[in-house]
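Comments concern the structure below.
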Amino acid sequence: MKAPTAQQIFDMACIFVSQGRFADAAVTFEKCLLVDPTRADAWSNRANCLSQLGNKFDAILNYNHAIQRSDTQAEFFNNRGATWMDLKCYPNAEKDYLKAIVLNPLIAETYSNLARCKMITGDMEAADTYFTKAIEVNPQYIEARLNRSILYLEQGRLEEGFKEYECRWQCGQLPPRGLPCPKWEGEDLNGKRIILYQEQGLGDAVQFIRYAAVIKYRWPEAIVAVEVNLALVRLAKTVPGVDQVITYGENPGAADFCCPMLSAPRVLGTTMETIPVAQAYMAPDPYRVSTWADRLMADLKAHPHRIVVGICWSGQARPMQPLANSVDARRSTQLSDWEPLAKVPGVVFVSLQQGHPASQARTPPVGMTVAAYDEEFQDFADTAALMDCLDLVISVDTSVAHVAAAIGRPVWMLSRHDGCWRWHGNRSDSPWYPTLRQFRQQTPGDWGGVFAEVAKELTKLVAVTEPAIAAE
């Protein structure tokens, strides 16, 4: 039997790619290259597969081979740039994107990728320029419009940002809720029932459920229902303005209007000056708070301390959502990264971490006392009650930080360099949460600098707390 040609092997590899079988495709592209190692397209496609499989360094090597054989293909540089981004090598990524634009100035994706690179490295003006260019090249390129809206929101241009942010429903990653009632666009709600529903993560719901109170204030005779994940149901019942709480998945009943939570700021005309702010708009159950206070007193009495600090060091990975998963990798830490805090005397820590990373509390850094109760949490009502017994919460940018701030606890939020838009750039406070303080990476990936600063501030806090404890 005649051996298959390089083209035939290449075609089979492409079929595997179309089926999402990237491991099989990578092996098959390699077989193609054994027959004809000069094929730049096979090197590039194999690199794409390796990148999809998480083998980023090997992918770079394969892109290098492709570019050595054909250095006029903008696609090769664009894809290598994206892999450099995954590796947090932003100068290399920028160089590749600029080269791709020189080779082909009509690829909207490349401008958008370069803009994202500029956002991550803090050059917001250039990011705006490149997102706008991407949209000029392809007005239907939703990803660029979505990312530009996030840029506007981060800059505090809330009216522009929330208006453009409506394009999120066209990106394919966020299917509409599909409730059988009109989407609310500011109509009179007196005597009407509106469902304000959670559309994204738990932190988003905690932050934007506050708009129930705004709606109720403007239309006192409205019936304001909120639909949230089960983990938030009990806390949602304590929010001012909420008449009814629906658990996601249950029959929401008939309604006159519905509104995604992150559309409410647009409909209500929110600006930086009119953000609805409250010291605390969620309330933990007093009985549960008392129960946790007794529990902590018993569990921590053997550990001399002046303050008790709750900590959360990681978000939750979302491998089925590549963009969200990439963000989670940048916002999350390991408990071992928190070692500088273990050296601060007079502090004991309580884990507020959930999910797989919670197991790290069993092996904390040397010198760090961590009490862990994650297996006892049923929902955020339990977490909030425990938080209310703590002197301080320190958390990466995840729902724990939102809940702590929403119940009015002091919270120090640790942010990646390219922080989420809701924190509005390199500022230390938050216009959304009066009790929240930010500690942000000064360079991408630099958690060391963040923890050094946090340890310094924690030492100061212990020092000013000591006299009060001694006087009791």
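A few remarks follow.
- Single residue of segment 55-81 satisfying the filter (surrounded by 20 or more Cβ atoms within 10 Å (Cβ to Cβ) and under 24 Å from the mean Cα position of the chain (by Cα)) that is nearest to Asn45 (Cα to Cα): Asn79
- Residue among Gln155, Gln200, Gln207, Gln173 that is under 24 Å from Ile120 (Cα atoms), touching a residue at least 12 places away in the same chain (Cβ under 8 Å) and in contact with a Gly (Cβ under 9 Å, 6 or more places away or on another chain): Gln155
- Those helices (runs of 4 or more DSSP H) lying entirely in segment 169-255 with at least 1 residues within 16 Å of Pro265 (Cα to Cα): 202-208, 211-218
- Whether a residue is among the polar types (S, T, N, Q), under 18 Å from the mean Cα position of the chain (by Cα) and surrounded by 19 or more Cβ atoms within 10 Å (Cβ to Cβ) was assessed, and Gln207 passes this test.
- Residue within segment 305-315 that is over 18 Å from the mean Cα position of the chain (by Cα), more than 24 Å from Gln200 (Cβ to Cβ) and either among the acidic types (Asp, Glu) or surrounded by fewer than 15 Cβ atoms within 10 Å (Cβ to Cβ) (or both) present: no
- Annotation note: Cβ proximity below 7 Å between a residue of segment 106-122 that is touching a residue at least 12 places away in the same chain (Cβ under 8 Å) and a residue that is among the acidic types (Asp, Glu) (sequence gap 6+ or interchain) occurs for Ser112/Glu143; Leu114/Glu94; Cys117/Glu94; Met119/Asp418; Ile120/Asp418.
- Residues in segment 411-426 that are assigned to a loop (DSSP other than H, G, I, E, B) and either closer than 24 Å to Gln334 by Cβ or modelled with pLDDT under 90 (or both): Arg416, His417, Asp418, Gly419, Cys420, Gly425, Asn426.
- Count of residues meeting criterion [surrounded by fewer than 23 Cβ atoms within 10 Å (Cβ to Cβ) and in contact with a Cys (Cβ under 8 Å, 6 or more places away or on another chain)] in segment 82-127: 3
- Where Ser149 falls short, out of the listed (1) surrounded by fewer than 16 Cβ atoms within 10 Å (Cβ to Cβ); (2) modelled with pLDDT of 95 or more: (1)
- Filtering segment 25-61 to residues that are within 24 Å of Ile107 (Cβ to Cβ) and touching a Leu at 6+ places or on another chain (Cβ under 6 Å) leaves Ala42, Lys56, Ala59.
- Pairing residues of segment 441-462 that are farther than 17 Å from Leu392 by Cα with residues that are of a type in the set (Gly, Ala, Ser) and outside any helix (DSSP H, G or I), at Cβ distances under 8 Å and at least 6 apart in sequence or on separate chains, gives Gln441/Ser415.
- Checked against the criterion of being outside any strand (DSSP E or B), buried (at least 18 other Cβ atoms within 10 Å of the Cβ), in contact with a strand residue (DSSP E or B) (Cβ under 7 Å, 6 or more places away or on another chain) and at pLDDT 95 or above, the candidates Val462, Val454 yield just one match: Val454.
The values are calculated or read from the model by the stated rules, or taken from the named source; none is laboratory data. Because the structure is a prediction, the values reported are computed rather than measured. No Cβ is skipped: glycine too gets one built from the backbone with ideal geometry, and neighbour counts run over all protein chains shown.
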